Amino acid sequence: MTTSIAGDLRQVYPLARGSAFLIVAGVSTTLLGVNLSGIEWAAVTVIGAGLMSLTLVRRSDGLRNGRAAAMALITGGFIAPYSLVDGLGAREAARPSDSTAGCRASTASLLPRS
């Protein structure tokens, strides 16, 4: 919530979600042994360039808002792990829906009962 307060949501949200994508691509290729094709690397590069332009987030007064950009990148760092876990679970499960159902059930078990 603080991230959206710190900056314009039209700039902060794409930076947070897009940086998670780049983190997932980086971790997947370096640690998980995923091989990306040339066109996939090109897509990662184009998205990365677009995100770099968003790091120039500006406040309404036209000044750079580095705090909002930094908080968006931190948020992306929290989004990336659950994207990685979801992807790994879907690949390892006999049926991808089993992975999703298991995640939902385990999350529901943590919710307080009324």
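Which ones in the stretch 17-68 are among the hydrophobic types (A, V, I, L, M, F, W, C), assigned to a helix (DSSP H, G or I), more than 14 Å from the chain's Cα centre (by Cα) and modelled with pLDDT of 80 or more?
Taking the stretch 17-68 as the starting set, the residues that turn out to be among the hydrophobic types (A, V, I, L, M, F, W, C) are 20-25, 27, 31-32, 34, 36, 39, 41-44, 46-47, 49, 51-52, 54, 56-57, 63, 68.
Next, only the ones that are assigned to a helix (DSSP H, G or I) stay: 20-25, 27, 39, 41-44, 46-47, 49, 51-52, 54, 68.
Among the residues that remain, those that are also more than 14 Å from the chain's Cα centre (by Cα) are: 39, 41-43, 46, 49, 52, 54, 68.
Correct list: ILE39, TRP41, ALA42, ALA43, VAL46, ALA49, ALA68.
Per the conditions (1) at pLDDT 80 or above; (2) touching a Lys or Arg at 6+ places or on another chain (Cβ under 8 Å), the sole criterion not satisfied by ILE74 is (2).
Being modelled with pLDDT under 90, loosely packed, with under 14 Cβ neighbours inside 10 Å, among the charged types (D, E, K, R) and assigned to a loop (DSSP other than H, G, I, E, B) is a description that does not apply to ARG10.
The values are calculated or read from the model by the stated rules, or taken from the named source; none is laboratory data. Keep in mind the model is a prediction, meaning the values are calculated, not measured. Quick reminder, even Gly has a Cβ in these numbers, built from the backbone with ideal geometry, and neighbours come from all protein chains shown.
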